[in-house]
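The structure appears below as C-alpha cells.
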Amino acid sequence: MTDEQLLRYSRHILLDDIGIDGQERLLAAHAVVVGAGGLGSPVALYLASAGVGRITLIDPDTVDATNLQRQIAHDLSRVGLPKVQSAQVAMHAINPEVRIEALVQRADDALLDRVLPGADVLLDCTDNFRTRHLINRASVRHGVPLVSGAAIRFDGQLSVYDPRQPASPCYACLFPDTDALEETRCATMGVFAPLVGIIGTLQAAEALKLIVGMGSRLVGRLLMLDGRGLAFSEVAFPRQPDCPVCSRR
C-alpha cells in the first residue's frame with residue numbers, strides 16, 4: 001500500500017476488524033454490480049470510495065430525468081448517457097484508482113459466466129424477478145456470494161446468499177421462480193427517494209464485510225425496512241432441500 005493509500009483509507013485501517021490486511025483485501029477485490037440505478041448508485045459509490053480495486057458495472061439503460069430523484073450516481077449533465085458510464089464518471093471523481101468495467105448490456109448467462117470467475121462478491125441491484133433469478137443461478141453456479149436488495153414504495157429488503165456455506169439458502173429458496181410472482185416497478189408504483197439509498201448503502205456494507213472476511217449475519221435472514229415508520233424487522237428462512245437451483249451444490 002502506498003503512502004497516499006494509507007492516508008486515503010486511514011479511517012478503515014484504524015478499525016480493528018479491517019486494519020491494513022482488510023484494506024489490502026479490498027484493494028485486491030473484484031465486485032460485480034448488476035444494476036446502476038437507485039440501488040446500484042450508492043453501491044457503486046461506496047465500493048469505489050472504500051477502495052474495492054476492480055468493479056464491474058452491468059446495466060443496459062441510459063440516464064433519464066426521472067431517475068435523478070433517487071439515483072444519486074447520475075446528474076442532469078449526464079441525461080442520455082448509459083448509466084454505467086455515468087456512474088463510472090461519478091466513481092472516478094471520488095477514487096480515480098478504481099478499475100471499472102462499464103458494460104452497457106443486459107445481464108445474461110453468457111455475460112455472468114464471463115465476469116464472475118474470480119469475483120469476490122456479486123450485488124443484485126435490479127428491479128425484476130427474471131433477472132434476479134438469473135443472477136441467483138449464476139451466484140450458485142460460480143460459488144460467488146450474492147448481496148441482494150430491493151426497494152419499492154416505502155418498503156425495502158435485503159439478504160445475503162452465500163453458496164460457499166453448505167447451509168446457506170439461495171434466492172430461489174425464499175422466492176421460487178414461478179410465473180405467479182407479480183412484478184412491481186418504480187415507474188408504476190413509485191419509490192421514496194431515500195429508501196433506495198438506505199438499502200443500497202446496506203448492500204455495500206455487506207459486500208465490504210464479505211470481502212474483508214467479517215462474514216454476514218444476513219445469510220438465511222431477510223432484513224425488511226418499513227420506510228414510513230423507519231422500522232426494521234427480520235425473518236429467518238432455511239435452505240430448501242428440493243430447491244431446483246441450489247439443492248445439488
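The values are calculated or read from the model by the stated rules, or taken from the named source; none is laboratory data. In this text, all values refer to a predicted model and were calculated from it rather than measured experimentally. Every residue, glycine among them, receives a Cβ derived from its backbone with ideal geometry; neighbour counts consider all protein chains shown.
Worth a mention:
- Considering residues of segment 121-149 that are in a strand (DSSP E or B) and without any contact (Cβ under 8 Å) to a residue 60 or more places away in the chain only, the residue surrounded by the fewest Cβ atoms within 10 Å (Cβ to Cβ): Leu146
- Output for segment 214-229, where each listed residue is modelled with pLDDT of 95 or more and either β-branched (Val, Ile, Thr) or at positive phi (or both): Val219, Gly220
- Helices (runs of 4 or more DSSP H) contained in segment 1-106 and holding at least 3 residues among the small types (Gly, Ala, Ser) and without any contact (Cβ under 8 Å) to a residue 60 or more places away in the chain: 40-50, 83-94
- Looking only at segment 108-120, and only at residues there that are within 14 Å of Val140 (Cβ to Cβ) and of a type in the set (A, V, I, L, M, F, W, C), the one that is surrounded by the most Cβ atoms within 10 Å (Cβ to Cβ): Leu112
- Hey, Ala193 crowded, with 17+ Cβ neighbours inside 10 Å, at pLDDT 95 or above and among the small types (Gly, Ala, Ser) or not: no
- Unique residue being of a type outside the set (Ser, Thr, Tyr) and surrounded by fewer than 24 Cβ atoms within 10 Å (Cβ to Cβ) when the list is Leu39, Leu57, Leu81: Leu81
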